[in-house]
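Q: One structure, pasted below without further comment.
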Amino acid sequence: TLENVSLPTTLTNIGANAFNGCTNIADLTLNTIGNCTIGDNAFYNIGNGSGTLEIHCNLSNSTSSSEIFRNAKFKNLIVTEGATSIGNRSFINHTTLETVSLPSTLTKLGDYSFHGCSSLGDVSITSPDCVLGATVFKNSGNGTGTFYINCPIPDSTGGEGNPEMFRGSNYKKF
């Protein structure tokens, strides 16, 4: 069984459902940089809830689907410096995710990207240029964490970043 996976920088395609259901994986490092096509549900329902997911690339471009890590089970998420975007529904319902490290280079968090991450503790978005998608953190938070945000929170005009983005969130301090 796979337990620790590190995907190389030379990878150009990850097929649909490639790692779907690989629940024994503790740690996954996605080193893919550039134009890698990531198929639908490539990492759906992956992980055992104890390890780290480390990402060295953008998770939203025209060749990647959304919901790449839907229902995944990792304890920690590290998105490294240089990554600028996280696509729609990338981590939706990632219920075991406790810590998230986002880069200062982040300029977009897509719609529902952390929706339903109910174990999430501290979250820090330091980039003043980051655009937040609709309901990006809806129903997230474990009740003990601090949420720090340095970018504008859009008004109630709807569209990207509508006021639903934090509905049902459970953070101790904003």
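Derivation of every value follows stated rules applied to the coordinates shown; laboratory data play no part. Being a predicted model, the structure only gives us computed values, none of them experimental.
Q: Is the shape of the stretch 1-147 rounded, prolate or oblate, going by the alpha carbon gyration tensor and its root eigenvalues a ≥ b ≥ c, with a/c under 1.5 for rounded and a/b larger than b/c for prolate? All intermediate terms of the calculation are to be shown ahead of the outcome.
A: Working: a/c = 1.57, a/b = 1.17, b/c = 1.34.
Since a/c reaches 1.5 but b/c is at least a/b, the shape of the stretch 1-147 is classed as oblate.
Q: Indicate the gyration tensor shape class of the stretch 15-57 (rounded, prolate or oblate), computed on the Cα atoms with a ≥ b ≥ c the square roots of the eigenvalues: a/c under 1.5 is rounded; otherwise a/b larger than b/c is prolate and the rest oblate.
A: Working: a/c = 3.36, a/b = 1.27, b/c = 2.65.
In terms of gyration-tensor shape, oblate.
Q: Is the shape of the stretch 79-124 best called rounded, prolate or oblate, per the rule: a/c under 1.5 gives rounded, else a/b larger than b/c gives prolate, else oblate, with a ≥ b ≥ c the square roots of the Cα gyration tensor eigenvalues?
A: Oblate, because a/c is 1.5 or more while a/b does not exceed b/c.
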